[in-house]
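**Q** Take this structure, written in structure tokens, and hold onto it; I'll ask about it next.
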Amino acid sequence: MNASTVTAPTAVRRQVPTRWVLTSVASVIALGGVYTVAVLTKPGQEIEDSILRSVDGRTLLGHGKALDAISIPAVLVVVGIVVAIAFLRRRPGAAAQSGILIVGAIATSQIIKAIAPRPELTSLTLSNSFPSGHVTIAVVGVLGLATAFGRHLKPFIMLVGTVFAAVVAEQTVAYGWHRVSDVCGACAVSMLWLAIVRSGAAVWSRDPRDTVGRRRHGFVSGLLGLATVATLAAAGAIFSIGIGSDLTVSMATGPGVLTGARLLSAGVVLATSWLAWKLDRTI
């Protein structure tokens with residue numbers, strides 16, 4: 001048979017990009033590592049107990065505007081909006097990714113919180129709160145919206161949404177709803193599900209993806225990166241001042257310690273959004 005008459009295969013088997021495989025593995029390791037160190041060890045619990053003791057009794061378990069914005073009805077509205085937007089843009093693949101990302105991450109956080117034990121290793125015995133459902137909703141909500149919208153609005157969604165998610169994380173710590181480790185766990189769950197849906201899309205989705213221009217992508221990366229570095233640096237400096245030279249981390253309490261923890265939580269969310277934006281250039 002003449003080689004020129006051989007019919008080429010109609011489809012080429014697509015593979016999952018390596019970066020998403022590594023992201024999923026790293027997310028699982030981060031999730032397990034934070035839980036092990038912060039929840040299952042006495043030093044980890046003592047450090048976070050000192051932060052909880054720093055919350056003003058008048059504001060403990062209080063309500064912030066960002067926290068009040070997150071509820072079951074709000075989640076359903078967000079899911080409906082992102083799916084509707086994707087379908088209106090004739091991107092069924094983006095609709096599936098957005099819906100699976102949001103629902104999967106929220107369900108995972110709630111399941112982990114329900115089944116993960118928190119041994120009573122310190123005198124401050126409070127129920128398990130790892131990972132934070134509020135922060136999970138805020139972070140994956142941003143990623144889901146950015147997936148559904150077109151390339152012209154993606155940068156705006158990421159910047160504004162990330163600020164909101166960072167405020168949610170900060171408020172969960174400020175009002176004693178969650179520990180810093182809960183925020184870290186929520187971000188790990190969010191990145192895990194982002195990797196899962198992007199891996200699935202790489203293999204099965206045939207939707208053309210909306211590519212953000214290089215300049216705008218770099219602009220957003222720069223802003224998120226600078227905000228992350230500034231927030232984490234401020235958190236470290238305030239922690240150092242709050243702890244003082246004659247106290248250990250697990251014994252220090254006070255406004256400085258709490259402020260440092262609030263900034264650290266916001267910084268973790270900022271870093272998560274920055275990483276997501278860098279990994280997925282067409283988010």
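**Q** From the list I115, I47, I51, which residue is open to solvent by 80 Å² or more (accessible area, probe 1.4 Å) and either under 30 Å from T36 (Cα atoms) or touching a residue at least 24 places away in the same chain (Cβ under 8 Å) (or both)? Steps first, please.
**A** Numbers: I47 fails: open to solvent by 80 Å² or more (accessible area, probe 1.4 Å); I51 fails: open to solvent by 80 Å² or more (accessible area, probe 1.4 Å).
I115 is the lone residue from the list that is open to solvent by 80 Å² or more (accessible area, probe 1.4 Å) and either under 30 Å from T36 (Cα atoms) or touching a residue at least 24 places away in the same chain (Cβ under 8 Å) (or both).
**Q** Applying the selection to segment 147-196, what residues are among the basic types (K, R) and within 14 Å of the chain's Cα centre (by Cα)?
**A** Just the residues of segment 147-196 that are among the basic types (K, R), to begin with: 151, 154, 179.
Scanning segment 147-196 gives no hits.
**Q** Any residue in segment 82-98 that is surrounded by 13 or more Cβ atoms within 10 Å (Cβ to Cβ) and either among the acidic types (D, E) or under 28 Å from A261 (Cβ atoms) (or both)?
**A** There is no residue in segment 82-98 that is surrounded by 13 or more Cβ atoms within 10 Å (Cβ to Cβ) and either among the acidic types (D, E) or under 28 Å from A261 (Cβ atoms) (or both).
**Q** Which one is farthest from I106 (Cα to Cα), of the residues in segment 158-210 that are open to solvent by 30 Å² or more (accessible area, probe 1.4 Å) and of a type in the set (V, I, T)?
**A** V203
**Q** Let me ask something else. Just the residues that are outside any helix (DSSP H, G or I), aromatic (F, W, Y) and within 24 Å of D68 (Cβ to Cβ), please, taken from segment 108-164. Walk me through it before giving the result.
**A** Quick first cut of segment 108-164, residues outside any helix (DSSP H, G or I) only: 116-132, 149-153.
Filter once more, so that each one left must be aromatic (F, W, Y): 130, 149.
Result: F130, single match.
**Q** Something else now. So which residues in segment 54-80 are among the aliphatic types (A, V, I, L, M) and open to solvent by 80 Å² or more (accessible area, probe 1.4 Å)?
**A** From segment 54-80, those among the aliphatic types (A, V, I, L, M) are 55, 60-61, 66-67, 69-70, 72, 74-79; that's our starting set.
Listed by number, the residues that qualify are L60, L61, I72, L76, V77.
The values are calculated or read from the model by the stated rules, or taken from the named source; none is laboratory data. Here the structure is a predicted model, which is why all the values come from computation and not from measurement. Every residue, glycine as well, gets a Cβ built from its backbone with ideal geometry; the counts of neighbours run over all protein chains shown. Accessible surface areas use protein heavy atoms only, side chains included; no ligands, DNA or RNA. Shrake-Rupley method; radii C 1.70, N 1.55, O 1.52, S 1.80 Å.
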